[in-house]
Amino acid sequence: MLRRLRLLTAGESHGPAITAVLEGMPAGLELPPGYVDEQLRRRQQGYGRGGRQRIEQDRVRWLGGLRFGRTLGSPLAMLIENRDFANWAEEMAPEGPEVRRRQVRVPRPGHADYAGGLKYRARDLRDVLERASARETAARVAAGAVARRLLEELGIELCSRVVAIGGVQDTSSVAGLSIAEIRERTEASSVRALGAEASAAMVARIERAQREGDSVGGVFEVRARGVVPGLGSHVQWDRRLDALLVGALCSIQAVKAAAVGEGIELAAAPGSQAHDAFALPAEGGPPRRTTNRAGGIEGGMTNGEDVVVRGWMKPLSTLPRPLPSFDWLRGEPAAAHRERTDSCAVPAAAVVGEAMVALVLADALLDKLGGDSMDELRERLALLWREPPPFAGRTAS
Ligand SMILES: Cc1cc2nc3c(=O)[nH]c(=O)nc-3n(C[C@H](O)[C@H](O)[C@H](O)COP(=O)(O)O)c2cc1C
């Protein structure tokens, strides 16, 4: 999925740590102290998260690839300790005697327990759920933060917002807002919504779910501004940036659909109202568009407008009032396994979505421009504009 960068994560939810190795970042990228930790902190926020977030205070420990706050061009190795491991040291011991006090025997419909149990022939379904858990996304957010820093250096800004929770929609428009303004408003909302009224209604929806022993999903949006045109390509199916972005969003646990721009709505619209018409300004200069229904991608390539993608997250499957299931070892009916859980993780998923979009965009940039150092990358970016497109010389009509 990534062409120039390589990312691997490892670690179990209640094991000693979550880790990431990111390879392919150019040398000389500055990472100010606390930069990655701030993104990890954002992932832990959001109304509706469970008790785990009170235990963890995620911080990255660098094990490789960084020296004096700058990337070396070698693989970046990051470790995020699981503080909760202290409470699971025997049950999750990497070595030593088997302690299965917290064995999982009843698969949760909608989680990885059943399919993973079949696939890996697990007797204790904890062997599956520990890695299926979205605690893994801490590693993605750490790696994504590095990609985000690279994009920032090249003038590309990212933000996200939650547009729906449990059927409650935020219809606020981002028109005319800078990325900084969108960030300011969403960071002030406990559910990362833009509109204050919608934010309150979403919180009320989560509280209702909690009272009912239930969970809720929703929709988030990620936006990137300042993206150079020509990332991705139409020439081969696996180089189309829309496919890569949608795949990256759907790789996030519980995200079951994703769309570029207004992709879902456009399927019902007539063509005349589905595309972004060009207008040539009378004063000369490049063509402009007043809409961005395409979400900044045409023909699998960025077109210079904001890149806008959305992810649809299903309700979480660990339920305080569990669904009917069965005992995996005895074959008898039983209520699904219960474990400490979030009731809504859409705000956190939005932050993970930012990380995934940052990784895909950084990868596409490096794929286009190459460069082993930041200086080389900057030089090559500047070269993109040396030959101006034909319309650049257009004079007023
Ligand atoms: C940030 C985040 C937090 C999550 N927290 C929980 C949780 O507390 N309880 C739960 O049952 N699922 C949670 N999930 C979803 C599960 O990890 C996911 O449903 C499971 O791994 C099965 O994968 P699937 O839903 O993609 O099929 C979370 C997902 C994300 C992105």
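General remarks:
- On the stretch given as the range 44-96, residues that are of a type outside the set (A, V, I, L, M, F, W, C) and within 30 Å of residue 373 (Cβ to Cβ) total 12.
- Residue within the range 256-277 that is under 20 Å from the mean Cα position of the chain (by Cα), closer than 26 Å to residue 156 by Cα and within 16 Å of the ligand (Cβ to nearest atom) present: yes
- Residues considered: 112, 77, 93. Of these, the only one that is surrounded by 13 or more Cβ atoms within 10 Å (Cβ to Cβ), at pLDDT 95 or above, under 30 Å from residue 331 (Cβ atoms) and within 24 Å of the chain's Cα centre (by Cα) is 112.
- A count restricted to the range 243-284 and to residues that are within 30 Å of residue 112 (Cα to Cα) and hydrophobic (A, V, I, L, M, F, W, C) stands at 15.
- Condition met for residue 47 (surrounded by fewer than 18 Cβ atoms within 10 Å (Cβ to Cβ) and either over 29 Å from residue 210 (Cα atoms) or within 16 Å of the ligand (Cβ to nearest atom) (or both)): no
- Test for residue 346: is it of a type in the set (A, V, I, L, M), under 24 Å from residue 3 (Cα atoms) and crowded, with 23+ Cβ neighbours inside 10 Å: no
- Members of the range 179-208 that are part of a helix (DSSP H, G or I), of a type in the set (A, V, I, L, M) and buried (at least 21 other Cβ atoms within 10 Å of the Cβ): 198, 202, 206
- Enumeration of residues in the range 326-347 that are in contact with a helix residue (DSSP H, G or I) (Cβ under 9 Å, 6 or more places away or on another chain) and under 17 Å from residue 128 (Cα atoms): 328, 336, 337, 339, 340, 341
- The selection criterion, being assigned to a helix (DSSP H, G or I) and farther than 23 Å from residue 220 by Cβ, does not hold for residue 242.
- Residue 106 vs. criteria touching a strand residue (DSSP E or B) at 6+ places or on another chain (Cβ under 7 Å), away from the ligand (no atom under 16 Å from the Cβ) and either in contact (Cβ under 8 Å) with a residue 24 or more places away in the chain or assigned to a loop (DSSP other than H, G, I, E, B) (or both): no
- Residue match in the range 129-152 (condition: surrounded by fewer than 20 Cβ atoms within 10 Å (Cβ to Cβ), farther than 24 Å from residue 316 by Cα, aliphatic (A, V, I, L, M) and more than 16 Å from the chain's Cα centre (by Cα)): no
- Residue count for the range 145-159, restricted to those that are assigned to a helix (DSSP H, G or I) and either over 18 Å from residue 374 (Cβ atoms) or more than 16 Å from the ligand (Cβ to nearest atom) (or both): 8
- Members of the range 264-303 that are at positive phi and modelled with pLDDT under 95: 284, 285
- Against the test of being among the acidic types (Asp, Glu), within 16 Å of the ligand (Cβ to nearest atom) and closer than 25 Å to residue 53 by Cβ, the options 90, 130 yield a single qualifying residue, 130.
- Applying a threshold of 8 Å to beta carbon distances and a minimum spacing of six or more residues, or different chains, the list of pairs starting in the range 187-204 at a residue that is on the phi < 0 side of the Ramachandran plot and ending at one that is part of a loop (DSSP other than H, G, I, E, B) and of a type in the set (Val, Ile, Thr) reads 194/174; 195/171; 198/171; 199/191; 202/191; 203/191.
- Strands (runs of 3 or more DSSP E) wholly inside the range 297-394 that include at least 2 residues being more than 16 Å from residue 151 (Cβ to Cβ) and within 16 Å of the ligand (Cβ to nearest atom): 307-313
- Residues of the range 56-74 satisfying the condition of being exposed (fewer than 14 other Cβ atoms within 10 Å of the Cβ) and within 30 Å of residue 164 (Cβ to Cβ): 57
- Of 7, 79, all but one fail to be touching a residue at least 24 places away in the same chain (Cβ under 8 Å), closer than 30 Å to residue 161 by Cβ and assigned to a strand (DSSP E or B); the exception is 7.
- Count of residues meeting criterion [in contact with a Ser or Thr (Cβ under 9 Å, 6 or more places away or on another chain), farther than 19 Å from residue 7 by Cα and assigned to a loop (DSSP other than H, G, I, E, B)] in the range 29-50: 6
The values are calculated or read from the model by the stated rules, or taken from the named source; none is laboratory data. Predicted model only: the values in this text are computed from it and were never measured. Reconstructed Cβ throughout: ideal geometry from the backbone, glycine too, with neighbour counts over all protein chains shown.
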